[in-house]
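The structure appears right after this line, and notes come after that.
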Amino acid sequence: MAVLEVVKFPDPRLRAPCTDVQDIDDGIRELVRDMTDTMYALNAAGIAAIQVGRPERIFIIDGRVATGDEQADPLVFINPEVVETGRGDEVSDEGCLSFPDVFIEVKRPRWAKVHATNLEGQRFEAEGEGLFGRALQHETDHLNGKLMYDMVGMVKKEMIKRKMKRWHNEQANERAKETASSN
Ligand SMILES: [Zn+2]
């Protein structure tokens, strides 16, 4: 089990477009396991590979979010594409592991359909509304270097920047305290 460090806004890695996975090998399987451990440890609905610093086109979504089944395994999306969205727009609160403690209203199409490859190398289709539909779009955006930050107006952007600055400062203070107490 490995819980990986999550890349936080405004780290420029979050802006890098990710590249297609060519071979689903042991390295990719290990990455997906570590992403799963990280997602569960941090209570997230989904996580993209770039959020743990890996520029591959992979994301996973919590099985409960994807299927409603408490016992379901996370759904793994390799080389995913959003192929269709619709059924009107919906405004709902959104969070992101790369923006700790930030929840903002984001408007997105209510429904989305994604084509992707699973860990066995088979292409599949997934579609959903509500939280699942939102997660499909949010996570695919990550692979294109796009963040929920980009989808809100100036006032909210400033609020996010302030909150994240405060968060990074608090982390730096914590680290300084730890260093001082270990000396
Ligand atoms: Zn995110």
* Asked: In the stretch 20-48, which residue that is in contact (Cβ under 8 Å) with a residue 60 or more places away in the chain and within 16 Å of the ligand (Cβ to nearest atom) is farthest from the chain's Cα centre (by Cα)?
  -> 45
* Which numbered condition residue 82 fails, given (1) free of Cβ contacts under 8 Å to residues at least 40 places away in the same chain; (2) under 18 Å from residue 131 (Cβ atoms); (3) more than 14 Å from the ligand (Cβ to nearest atom) -> (1)
* Qualifying residue in the stretch 165-181 (condition: small (Gly, Ala, Ser), farther than 19 Å from residue 98 by Cα and surrounded by 12 or more Cβ atoms within 10 Å (Cβ to Cβ)) -> no
* Do we have residue 53 as exposed (fewer than 15 other Cβ atoms within 10 Å of the Cβ), closer than 17 Å to residue 100 by Cβ and within 12 Å of the chain's Cα centre (by Cα) here? -> yes
* Looking only at the stretch 145-156, and only at residues there that are surrounded by 14 or more Cβ atoms within 10 Å (Cβ to Cβ) and not aliphatic (A, V, I, L, M), the one that is farthest from residue 93 (Cα to Cα) -> 145
* Long-range neighbours under 8 Å by Cβ, at least six apart or interchain, first residue under 13 Å from residue 77 (Cα atoms) and without any contact (Cβ under 8 Å) to a residue 60 or more places away in the chain within the stretch 134-145, second surrounded by fewer than 24 Cβ atoms within 10 Å (Cβ to Cβ) and among the basic types (Lys, Arg) -> 137/108
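Conditions (1) assigned to a loop (DSSP other than H, G, I, E, B); (2) crowded, with 20+ Cβ neighbours inside 10 Å, marked per residue:
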{"position": "112", "(1), (2)": "no, yes"}
{"position": "121", "(1), (2)": "yes, no"}
{"position": "124", "(1), (2)": "no, no"}
{"position": "132", "(1), (2)": "no, yes"}
* Asked: What pairs can you find where one residue is in the stretch 146-166 and more than 24 Å from residue 136 (Cβ to Cβ), the other is not in a helix (DSSP H, G or I), and their Cβ atoms are less than 6 Å apart, with a gap of 6+ or different chains?
  -> 163/102; 164/9
* Would you mind finding the one in 93, 101, 89 that is in a loop (DSSP other than H, G, I, E, B), among the acidic types (Asp, Glu) and either surrounded by fewer than 20 Cβ atoms within 10 Å (Cβ to Cβ) or within 16 Å of the ligand (Cβ to nearest atom) (or both)? => 101
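Test residue 127 against the stated conditions and say whether it is more than 17 Å from the chain's Cα centre (by Cα), over 23 Å from residue 25 (Cβ atoms) and more than 16 Å from the ligand (Cβ to nearest atom).
yes
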* Asked: Would you pick out the residues in the stretch 59-74 that are over 25 Å from residue 104 (Cα atoms) and either surrounded by 11 or more Cβ atoms within 10 Å (Cβ to Cβ) or under 19 Å from the mean Cα position of the chain (by Cα) (or both)?
  -> 72, 73
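Quick note: the coordinates plus some simple rules give every number you see, no bench work behind them. Given the structure is predicted, the values throughout are model-derived calculations rather than measurements. Glycine gets a Cβ as well: all are built from the backbone with ideal geometry, and neighbour counts include every protein chain shown.
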